[in-house]
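K.L.:
Mind having a look at this structure? Questions to follow.
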Amino acid sequence: MGEQEEQSLSPHPHPLSPSPSAAAPATAASAPASRSSRSKKPHSSDPSSASKKPRLTLSVPGRPLSADGEVAAAIQHLRVADPALATVIDAHDPPAFQCPHRPFHSLVRSILYQQLAFKAAASVYSRFLSLLGGEHNVLPEAVLGLPPQELRQIGVSPRKASYLHDLARKYASGILSDAAVVNMDDRSLAAMLTMVKGIGAWSVHMFMIFSLARPDVLPAADLGVRKGVQHLYGLEAVPRPSQMEKLCEQWRPYRSVGAWYMWRLIESKAPPPQLPPAIPVRPPALPATDDELMLQQQQQSVIQMIDPLQMLPGMG
């Protein structure tokens with residue numbers, strides 16, 4: 001249930017990161033020793049699961065990455081645990097994990113942005129906020145009070161309207177709450193969120209990383225992360241989701257940060273945009289492959305989750 005939303009359309013050239021100035025400095029002094037010394041448990045990949053729906057590869061949450069010194073602790077750990085990743089870390093400024101919205105608001109925004117190009121999604125989101133009277137009114141009861149016809153007038157499809165109402169009903173009934181979402185362990189939260197129409201495993205991963213700043217989430221099915229791992233380790237083929245757990249084991253307990261660097265690695269490998277010649281000198285390029293389209297769509301969705309400016313109303 002809820003896998004329809006898993007891809008947003010339209011590639012977007014913006015960087016896959018917030019402003020690095022807000023990030024914590026990557027210094028060993030601020031790194032809690034208890035995190036980097038946490039024992040590791042071996043995980044084996046299951047080749048037979050390659051054809052199945054990707055499983056949620058999640059663990060019990062630690063301190064959020066938004067906590068003071070936690071990004072620095074993550075970077076220190078990843079440098080030591082994975083020398084190959086250390087070279088990628090050196091090439092990029094550290095990430096910052098701060099979300100300006102409450103969990104319910106973030107989930108609503110995620111649904112509104114599904115399968116839309118950024119400008120179109122930002123326009124719908126802005127009209128949605130105007131309809132409710134501002135960000136402070138993005139509340140379950142207010143969302144339930146918006147009939148599908150009214151939502152359709154601002155560009156929200158009937159299917160998305162049903163997703164929004166299902167999420168709001170689960171909040172209004174007490175099945176979900178912001179407090180419960182923040183305090184639930186990763187596995188329990190994943191099980192609860194995927195009960196909501198329109199929210200699938202990939203969206204849960206993105207929500208946990210960029211809205212809740214959970215430190216050890218591995219989006220194993222994300223094509224950008226998988227391609228990053230391929231480049232990082234010089235693999236002949238893009239690893240299957242079932243292989244990612246073993247390949248990224250050394251990143252524990254900071255696989256969210258490792259995944260963030262994989263998005264940056266893929267971004268750095270992308271060729272710069274070129275202006276077309278005034279007179280065509282060659283046949284048109286062949287259409288993008290399915291994998292290329294999926295990567296573009298997932299990168300666009302990640303951009304929308306990360307960029308704090310794009311999270312603010314009326315911007316973009």
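K.L.:
Run the quick spin-label model on Thr87 and Ala180: label points 7 Å from Cα toward the beta carbon, then report their separation in nm to one decimal.
P.N.:
4.8 nm
K.L.:
A further question on this structure: Determine the sum of side-chain charges near His92: Lys and Arg each +1, Asp and Glu each -1, restricted to other residues whose C-beta is under 11 angstrom from that of His92.
P.N.:
Within the 11 Å Cβ shell, the charges total -2.
K.L.:
Can you pull the percent of segment 102-160's accessible area that's carbon plus sulfur, 1.4 Å probe, other chains left in place?
P.N.:
Whole-percent figure for carbon plus sulfur exposure: 53.
K.L.:
Residue by residue through segment 125-138, what is 3J(HN,Hα) from phi via Karplus (6.51 cos²θ - 1.76 cosθ + 1.60, θ = phi - 60°)? Round to whole Hz and write x for glycine and proline.
P.N.:
4, 4, 5, 4, 4, 5, 4, 8, x, x, 4, 5, 9, 7
K.L.:
While we're here: Going by Cα centres, segment 108-129 and segment 164-232 are how many Å apart?
P.N.:
18 Å
The values are calculated or read from the model by the stated rules, or taken from the named source; none is laboratory data. None of the values given here were measured: they were computed from a predicted structure. Heads up, the Cβs are rebuilt from the backbone with ideal geometry, glycines too, and the neighbour counts pull from every protein chain shown. For accessibility, only protein heavy atoms count, side chains too; no ligands or nucleic acids. Shrake-Rupley method; radii C 1.70, N 1.55, O 1.52, S 1.80 Å.
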